[in-house]
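A quick write-up on the structure given underneath.
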Amino acid sequence: MAVNGISGKIEDATNHLDVLNLKYVVRDWVGPWWKGACFRKLRHKCIINDVTLRLMSGEITGILGNSESGKTSLLDVITCRASGKVTGDVIYNGTRCTNNVIQNHATYVMQADRFLPNLTVRETLIYSAKLRLPGCSTSEEIEKRVTDVVLAMGLKDVADTRIGGSIIRGISGGERRRVTIAIQLLKDPDIILLDEPTSGLDSYTARHLVSNLRDLARRGKIVMLSLHQPSSDIYSLLDRIGIMSKGEFVYFGCAKGMVQYFTEVGYPCDKYTNPLDRYVDVASMDRRDKDSEIQSLIRVERLVKILKTSRLQLGTFRRISDDFRRGPRAGNREAVERPGSARVLVTVIRSTGLHPGQLQFIRFTAVVFLNCLWSELHTAAFHGIFLSANLAQAVTGLCLSSYSLVATGFLKHF
């Protein structure tokens with residue numbers, strides 16, 4: 001059971017996303033690129049190795065680890081974005097996950113924020129909603145959904161502010177991250193996966209963002225995010241924590257029980273130390289020299305072995321296997337109707353500013369027509385003045401450019 005973060009009501013936390021014996025292997029060519037495929041050695045690199053976990057609705061799960069530990073690759077495999085060989089199963093409510101299942105139930109928020117800088121937050125969400133929501137959705141339903149998402153992500157005060165970019169100043173970095181998440185929430189997914197959403201944000205903004213995600217989880221969503229150097233405040237917001245190293249988990253379980261677990265296996269945490277920093281260091285590989293690397297490898301392999309033979313992991317494996325044998329559970333979403341090609345075309349035209357009002361369109365057409373007509377008259381006149389056709393074309397081009405600038409300034413005032 002999970003407590004709703006807004007109303008305080010108890011909601012049924014029955015949805016679960018399971019990962020069972022997951023292994024992900026990619027091909028890697030060894031040697032410089034100019035030797036070609038015929039002269040370079042091909043090796044197979046294991047990115048994810050024998051991972052088993054269960055994510056429950058109503059809970060927010062944080063995945064931590066050093067660089068190249070496999071955090072992003074795990075998210076890619078779950079969302080069917082892997083490019084290598086995948087073995088094992090990703091299961092949602094007893095149904096093996098495919099591209100269609102992921103599209104209907106899940107959303108994946110990647111690190112990059114890509115927006116049109118001249119659009120406001122509300123316009124960005126409206127155009128995204130028209131491309132994401134079912135084709136039968138009316139304009140009123142789309143506007144209501146956008147308003148709900150704006151309120152849920154705390155974007156009410158900047159809803160009518162331009163996104164901005166490197167040249168045009170707009171909303172802050174934390175607000176841009178929330179807009180990115182808001183776009184993915186438009187279709188009301190059951191599963192929300194995020195790749196390092198707090199990277200590049202200050203501690204206060206990062207905590208506020210994770211707090212918003214925690215509220216979403218309390219409304220019955222499955223939320224999992226990868227984290228890089230989280231603060232102790234973020235640690236207090238997480239329900240479950242997974243720490244990865246070399247593609248395997250050294251810990252996956254309740255956040256409150258993490259310190260006790262590592263203390264029992266010989267790695268206590270000092271009183272005024274952030275537990276996440278402490279145990280990510282324990283699970284990291286030290287490659288400063290050969291001896292340090294061997295010692296850290298032995299330590300990580302021991303922690304992985306302890307976790308796999310623990311009652312916590314064995315119980316999770318048994319529950320996932322039993323649920324998978326029972327088969328798919330009733331109540332999963334059916335495939336939604338995609339927006340029609342006409343709506344997609346109109347939305348793209350409007351989002352790029354090419355769909356003005358009727359009066360503005362008439363003015364635009366008149367100015368363009370007169371500009372072209374005037375340039376043709378100048379071309380004929382200059383051909384009579386100059387004996388050189390190339391010179392006449394050059395002078396006409398300069399005049400046409402100046403007329404275009406004047407016409408652009410004219411249209412800008414309407």
*Mind ranking 214-221, 156-163 by how tightly packed they are, going by the mean number of other C-beta atoms within 10 angstrom, highest first?*
214-221, 156-163
*Determine the alpha carbon to alpha carbon distance for each of 85/221; 41/85; 41/246; 85/256 and list only those over 24 Å.*
85/221; 85/256
*Would you list, by chain and number, the aspartates and glutamates whose Cα falls below 12 Å from the Cα of residue 23, excluding same-chain residues fewer than 8 positions away?*
50, 89, 248
*Going by a ≥ b ≥ c, the root eigenvalues of the Cα gyration tensor, does segment 130-223 fall in the rounded group (a/c under 1.5), the prolate group (a/b larger than b/c) or the oblate group?*
oblate
*Can you list the lysines whose alpha carbon sits under 21 Å from that of residue 156, skipping same-chain ones fewer than 8 residues off?*
130, 144, 187
*Going highest first, how would you order 196-206, 302-312 by mean Cβ packing within 10 Å?*
196-206, 302-312
*asked:* Sort 252-261, 117-126, 282-291 by the packing proxy (mean of other Cβ within 10 Å over each peptide's residues), most packed first.
replied: 117-126, 252-261, 282-291
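Laboratory data are not the source of any read-out in this text; all were calculated from the coordinates shown. What you see is a predicted model; the values in this text were computed from it and never measured. Counting neighbours? That spans all protein chains shown, and the Cβs are built from the backbone with ideal geometry, glycine included.
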